[in-house]
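Undergrad: I am attaching a structure below and will ask some questions about it afterwards.
The values are calculated or read from the model by the stated rules, or taken from the named source; none is laboratory data. None of the values given here were measured: they were computed from a predicted structure. Neighbour counts run over all protein chains shown; Cβ positions are idealised from the backbone, glycine included.
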Amino acid sequence: MSRLERLRGRLDEEGLDALIVARAVNIRYLTGFSGVFDSGFAGYLAVSAETATLITDFRYEQQLTACAADSPILIESTSGEYVEALATIVAGPGLARTAIEDTVSVTTKKSVDKACGRSLATAAGIVESLRVCKEEPEIAAIARAAAAADDAFKHAVELVRVGASTRTIALEIEWHMRTHGATATAFELIVAAGKRSSMPHAVTQEQTIEAGDFVTIDIGAVVDDYCSDMTRTVIAGEASAEHRRIYEAVLDAQRSALGGLRPGMSGREADAVARGSLTERGFGDEFGHGLGHGVGLEVHERPRLARTSDDVLRTGMVVTIEPGVYVPGFGGVRIEDLVVVEDEGARNFTATPKELLVV
Ligand code: ZN
Ligand code: ZN
């Protein structure tokens with residue numbers, strides 16, 4: 001079934017006549033048009049039982065018209081206000097129960113309602129729910145993005161040593177990815193050394209790596225619009241007993257979680273495997289975030305693998321497995337692989353070795 005047909009099935013279930021899709025990433029998904037929707041895109045895709053109309057403007061008209069040549073998507077290029085074009089569609093027959101994605105800003109919602117002459121309902125997470133289980137071509141694109149990150153890591157890890165600059169390493173990784181098939185990085189790459197490695201989302205700053213530093217390298221590439229995400233932590237100079245104790249605890253937890261992953265499990269149950277392992281080693285309190293998250297067109301998407309997640313893992317979901325231990329003032333370790341959930345368990349896209357590495 002096509003993505004549009006699956007959406008129409010969902011609209012039926014929700015009792016909706018039409019959905020106004022406002023998130024560019026969801027429009028990208030439903031249309032399948034690749035390499036078009038940049039951060040400046042501000043159009044809407046109106047999907048009803050009969051039609052799918054993509055409202056855009058002059059800036060995207062040529063590209064989208066070419067993309068849509070063999071698709072059921074109608075391209076409507078507006079020279080004026082988007083909301084007026086939208087209102088004209090919504091005023092059509094049989095579209096009384098039309099909802100707009102709830103991610104639009106309050107300002108946009110007000111102007112859409114004003115143009116439509118009524119307050120549209122809002123809908124949350126409908127297209128996102130279609131995106132959670134990946135199709136084969138999506139899985140292949142994610143595997144390519146994971147390979148781009150693996151290759152960049154292999155190249156850059158040679159540069160990680162006492163005296164090296166974290167920012168230079170991050171730039172080298174980005175350069176390598178983007179000259180080897182990636183169109184972008186999936187997020188601001190993290191290279192954090194020493195005390196900063198104890199901050200799970202440390203922004204990469206200019207740091208000189210010192211002996212005894214954990215160096216956390218969290219990277220991801222975008223290939224064909226799909227993201228990857230992986231983390232490795234290495235030790236600079238010499239590994240102390242404490243370094244080894246923390247590292248081995250995270251590695252064991254990560255391997256347990258990978259080995260235990262099964263379809264039918266909840267995000268909470270998957271998280272509990274790693275959390276239980278770290279708690280046994282006395283590091284339960286130092287693992288302050290969830291085990292992982294879905295990855296696809298976005299680097300953070302559903303499902304969530306965390307203490308509070310009721311999401312159920314299903315075959316075809318692509319998720320990260322990334323336990324960590326963070327000791328403020330000392331440092332932190334995170335080990336993150338990207339996997340697809342299959343009937344038998346997790347198939348790992350991340351090929352970079354994860355045995356403790358002292359550089
Ligand atoms: Zn990551
Ligand atoms: Zn991640």
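Undergrad: Tell me, which residue of the range 318-342 that is away from ligand 1 (no atom under 16 Å from the Cβ) and crowded, with 24+ Cβ neighbours inside 10 Å is farthest from Gly294 (Cα to Cα)?
TA: Gly331
Undergrad: Name every residue in the range 210-233 that is more than 14 Å from Phe330 (Cα to Cα), away from ligand 1 (no atom under 15 Å from the Cβ) and either of a type in the set (D, E, K, R) or more than 18 Å from the chain's Cα centre (by Cα) (or both), in order of residue number.
TA: Passing the criteria: Asp224, Asp225.
Undergrad: Another question about this same structure. Pick from the range 301-317 the residues that are of a type in the set (A, V, I, L, M, F, W, C) and assigned to a loop (DSSP other than H, G, I, E, B): which of them is farthest from ligand 1 (Cβ to nearest atom)?
TA: By that ranking, first place goes to Leu313.
Undergrad: Let me ask something else. Give me a count of the residues in the range 325-338 that are more than 19 Å from Ala140 (Cα to Cα) and either near ligand 2 (Cβ under 10 Å from one of its atoms) or part of a loop (DSSP other than H, G, I, E, B) (or both).
TA: The total comes to 6.
Undergrad: Taking Glu301, is it at pLDDT 95 or above and either within 19 Å of Pro200 (Cβ to Cβ) or hydrophobic (A, V, I, L, M, F, W, C) (or both)?
TA: The answer is yes for Glu301.
Undergrad: Restricting to the range 57-93, count the residues that are β-branched (Val, Ile, Thr), closer than 24 Å to Lys114 by Cβ and in a helix (DSSP H, G or I).
TA: Matching residues across the range 57-93 total 4.
Undergrad: Another question, then. Quickly run through the range 343-357 and pick out the residues that are part of a loop (DSSP other than H, G, I, E, B) and more than 12 Å from ligand 1 (Cβ to nearest atom).
TA: Asp343, Glu344, Phe349, Ala351, Thr352, Pro353, Lys354, Glu355, Leu356, Leu357
Undergrad: While we're looking at this one, here's another question. Hey, can you tell me all the residues within the range 234-250 that are assigned to a helix (DSSP H, G or I) and within 16 Å of ligand 1 (Cβ to nearest atom)?
TA: Val250
Undergrad: Here is a follow-up. Inspect all residues belonging to the range 32-44 and state whether any of them is over 28 Å from the mean Cα position of the chain (by Cα) and of a type outside the set (A, V, I, L, M, F, W, C).
TA: No, there is no match, as no residue in the range 32-44 is over 28 Å from the mean Cα position of the chain (by Cα) and of a type outside the set (A, V, I, L, M, F, W, C).
Undergrad: Also: Has the range 196-203 got at least one residue that is touching a Gly at 6+ places or on another chain (Cβ under 6 Å), touching a residue at least 40 places away in the same chain (Cβ under 8 Å) and more than 16 Å from ligand 2 (Cβ to nearest atom)?
TA: So far as the range 196-203 goes, yes, one or more of its residues are touching a Gly at 6+ places or on another chain (Cβ under 6 Å), touching a residue at least 40 places away in the same chain (Cβ under 8 Å) and more than 16 Å from ligand 2 (Cβ to nearest atom).
Undergrad: What's the number of the only condition in (1) out of contact with any His (no Cβ under 8 Å at 6 or more places or on another chain); (2) in a strand (DSSP E or B); (3) under 16 Å from Asp150 (Cα atoms) that Thr320 fails to meet?
TA: Tallying (1) out of contact with any His (no Cβ under 8 Å at 6 or more places or on another chain); (2) in a strand (DSSP E or B); (3) under 16 Å from Asp150 (Cα atoms), Thr320 fails exactly one: (1).
Undergrad: Confirm whether Leu30 is surrounded by 22 or more Cβ atoms within 10 Å (Cβ to Cβ) and not small (Gly, Ala, Ser).
TA: Criteria met by Leu30.
Undergrad: Only one residue in Thr103, Thr122, Thr108 is polar (S, T, N, Q) and assigned to a helix (DSSP H, G or I), so which one is that?
TA: Going through Thr103, Thr122, Thr108 in turn, the sole match is Thr108.
Undergrad: Is the range 286-299 home to any residue that is without any contact (Cβ under 8 Å) to a residue 60 or more places away in the chain, more than 16 Å from ligand 1 (Cβ to nearest atom) and part of a helix (DSSP H, G or I)?
TA: yes
Undergrad: Name the single residue, out of those in the range 237-262 being surrounded by fewer than 23 Cβ atoms within 10 Å (Cβ to Cβ) and of a type in the set (A, V, I, L, M), that is nearest to ligand 2 (Cβ to nearest atom).
TA: Only one residue tops the list, namely Leu258.
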